Amino acid sequence: MDVPHLLLKSILFIGGRDALRQKLWICGLAVVLITVIRGIFLFLKGKLSAQASESIAKNTREKLYDHLQNLSYDYHVKAETGDLIQRCTSDVETIRKFFAIQFVEIGRGIFMILIVGIIMFNINVKLALVSIAIVPIIFLFAVIFFSKVKKKFKLCDEAEARLSTALQENLTGVRVVRAFARQKYEIDKFEERNTAYMELVQKLINMMACYWSFSDLLCMMQSGFVLVMGCYLAFKGEVTLGTVVAFTSYEGRLLWPVRQMGRVLTDMGKAFVAIDRIEEILGEPIEETSSDEIQAEIQGNIEFNDVYFEYEEGKPVLNGVSFDVKKGETIAILGPTGSGKSSLIHLLVRLYDYKKGSIKIDGTEITRINKKWLRKNVGIVLQEPFLFSKTIKDNISIAKSHVEDHEIFNAASIASIHDVINSMDNGYDTPVGEQGVTLSGGQKQRIAIARTIINNCPVLIFDDSLSAVDTETDAAIRTALKERSSNVTTFIISHRITTVAQADKIIVLEKGKIAQLGTHEALIKQNGLYKRVWNIQNSLEADIDKIV
């Protein structure tokens, strides 16, 4: 039967071929209706696929962002920012494009192959078998191509991530680059990574070109086989010339999705690599909150007992540290670089958990206290302050959900920055630029201090954060803090003797152990690191006074 059965029944329903010849307007109307229906379905396909893909991309971005916010401090210390940015943007966009375009094409291609295949087998089995003879070979070739192209895409993605990291680092540290006239070095470094990325992309393009050209050759051969076989069968009288023409047309529709497979597989390879890279982030364990963690009352009594901590196996950073702090006391920590000062206070806010020993706050083991609750009650001013690209007011109030203006002004006054802010043209509404680039180091540090103390935490930690301010401002901040509340337990890490001298206790760390512990008056009478630093700084101050 040369005409599909359904079409034949439709012609007979309207009166047969003669009636159709007399009412040619029916054919025109059928063409118009089919075109309208096709347009409606194309519109729906575009709209629904766009909505689905955008929804997938939106949910993926939000899931990634949420997961990154809850990953451990240790993960972010080791991760490359440029690589994370690319995974959250470029990789998500790759997935979106695949679902918006090629995923729909897969369904369309499978549907086309099934419908056309059924029609062709209904018309003539011999020609149908010839029409699909090379298709299995093309599919096998496609599977081999996909396995190889996926590896290439992974290499390209990693190279692009290194390129993004180099760009992010350079833009973040552009002032340092210009200060040391290192533009040529940075340009060469970027060019090296850019060239490596380009070479990998070129290899990928060559591989895709080989696949597309070879698959096109197979498809053309397939069409040629159908034409030759059709002519042979027509010559023998087994099929009509119309059947050969119909098969040639159907063959084009059958091979279209096969030829499209190269583009589908290319985008699928990109999408699979992007999904793997995103899954690497989502597979990282977040900071878990145990069900038995409590929100204990925190007043400021702290006890370290034989605390042991290490970042790498067999390389202890803190080894048997023991001391106790009473509520309202000021504890100063001094020691050479790498002695474990910052590690000690990181344990106090559970950015890391200790391996052995015990840390208690008001009698409660710190590992039993909820991390978020602990960090709300233990305020920390980090050594390197980070300000967001917002106004000064926004940066100070960011640590507290609902804050009044007088609270912001009071915190800024304690941090000795209120008068400086008021002297600016826009006062507290002054934008600070990215990472506080428009402010001096001391101003950034004092805004960071104001941001921390606005929460009225019972425990405050200054991780060498007073070093960026002058001695007079340093003393003013400490005096204001003491006057504000005598019940706040304060930890101060500093290399400046004038900063630590007024502390109730001074801890001197060396090689992860407490080498000295006592008041300023007691420690300057002992032979040790503290006395040596005190002598050096006194000598320098005396020399400066002579010059002045």
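Can you spot the aspartates and glutamates whose alpha carbon is less than 17 Å from Lys511's alpha carbon? Ignore those fewer than 8 places along the same chain.
Qualifying aspartates and glutamates at Cα under 17 Å: Asp306, Glu310, Glu312, Glu313.
How high is the relative contact order of the chain, in percent, counting Cα pairs under 8 Å that sit 6 or more residues apart?
14 percent
Return the lysines within reach of Lys45: Cα separation strictly under 19 angstrom, same-chain partners fewer than 8 residues apart disregarded; answer none if there are no such residues.
Lys97
Return one number: the angle in degrees, 0 to 90 and rounded to the nearest 10, between the long axis of the Cα atoms of helix 441-453 and the longest principal axis of the Cα atoms of the chain.
So the helix axis and the longest Cα principal axis differ by about 90 degrees.
When the Kirkwood hydrodynamic radius is evaluated over all pairs of different C-alpha atoms of the chain, what value in angstrom, to one decimal, is obtained?
Evaluated over the chain, this radius sits at 30.2 Å.
Label-point separation (nm) for Glu192 and Lys511, each offset 7 Å from Cα along Cα-to-Cβ?
Output for this residue pair reads 3.7 nm.
Between helix 405-414 and the chain, what is the angle of the helix's C-alpha long axis to the longest principal axis, kept within 0 to 90° and rounded to the nearest 10?
On a 0 to 90 degree scale, this one is about 50.
May I ask you to list the residues of the range 396-436 whose amide nitrogen lies under 14 Å from a point 7 Å from Cα along the Cα→beta-carbon direction of Arg175?
It comes to 432-436, nothing else.
Within the chain, what's the longest stretch lacking GluC sites (Glu not before Pro) that sit in DSSP loops with no more than 13 other Cβ atoms inside 10 Å?
Between the exposed loop sites, the longest stretch runs 1-237.
Hey, can you grab everything whose amide H is under 5 Å from the amide H of Ala515? Only 5+ residues off in sequence or another chain; H modelled, so Pro and N-termini drop out.
Answer set, sorted by chain and number: Val508, Leu509, Glu510.
When the accessible area of the chain is computed with all protein chains present and a 1.4 Å probe, what percentage of it is carbon and sulfur?
Here carbon and sulfur together make up 59 percent of the probe-accessible area.
Convert each backbone phi in the range 32-44 into a coupling constant with the Karplus relation 6.51 cos²θ - 1.76 cosθ + 1.60 (shift: θ = phi - 60°), then list the ³J(HN,Hα) values in order as whole Hz, x for Gly and Pro.
4, 4, 4, 5, 4, 4, 4, x, 4, 5, 5, 4, 5
Please compute the contact order of the range 131-264 in relative form: average sequence separation of alpha-carbon pairs under 8 Å and at least six residues apart, divided by the residue count, as a percent.
Relative CO of the range 131-264 lands at 36 percent.
What are the extents of the Cα atoms of the range 366-503 along their three principal axes, in Å, largest first?
43, 35, 25
For the chain, report the accessible area per residue in Å² (1.4 Å probe, heavy atoms, rounded to an integer).
Value returned for the chain: 56 Å² of accessible area per residue.
What are the ³J(HN,Hα) values, in whole Hz, obtained from phi via the Karplus relation 6.51 cos²θ - 1.76 cosθ + 1.60 with θ = phi - 60°, for each residue of the range 279-296 in sequence order, with x given for Gly and Pro?
5, 4, 6, 5, x, 5, x, 8, 5, 7, 10, 6, 5, 8, 6, 10, 9, 6
According to a simple spin-label model (label point 7 Å from Cα along Cα-to-Cβ), what is the distance in nm between Glu483 and Thr81?
Between Thr81 and Glu483, the label points sit 3.7 nm apart.
For a Förster distance of 45 Å, can you work out the FRET efficiency between the beta-carbons of Glu54 and Glu407, rounded to the nearest 0.05?
So, using R0 = 45 Å, E works out to roughly 0.65.
Enter the Cα centre distance for the pair the range 276-327 and the range 396-472, rounded to the nearest angstrom.
28 Å
With the contact rule set at Cα under 8 Å and sequence spacing of 6 or more, what percent relative contact order holds for the range 25-143?
Taking the mean separation of contacting Cα pairs over the length of the range 25-143, I get 30 percent.
Could you order Asp474, Asp83, Asp504 so the one with the most accessible surface comes first? Probe is 1.4 Å.
Asp504, Asp83, Asp474
Quick one, what does Rg over Rh come out to for the range 229-360 if you take C-alpha atoms and the Kirkwood Rh?
1.61
The values are calculated or read from the model by the stated rules, or taken from the named source; none is laboratory data. Values in this document were obtained by computation on a predicted structure and should not be read as measured data. Heads up, the Cβs are rebuilt from the backbone with ideal geometry, glycines too, and the neighbour counts pull from every protein chain shown. Protein only, heavy atoms only, side chains kept; ligands, DNA and RNA dropped before computing areas. Shrake-Rupley method; radii C 1.70, N 1.55, O 1.52, S 1.80 Å.
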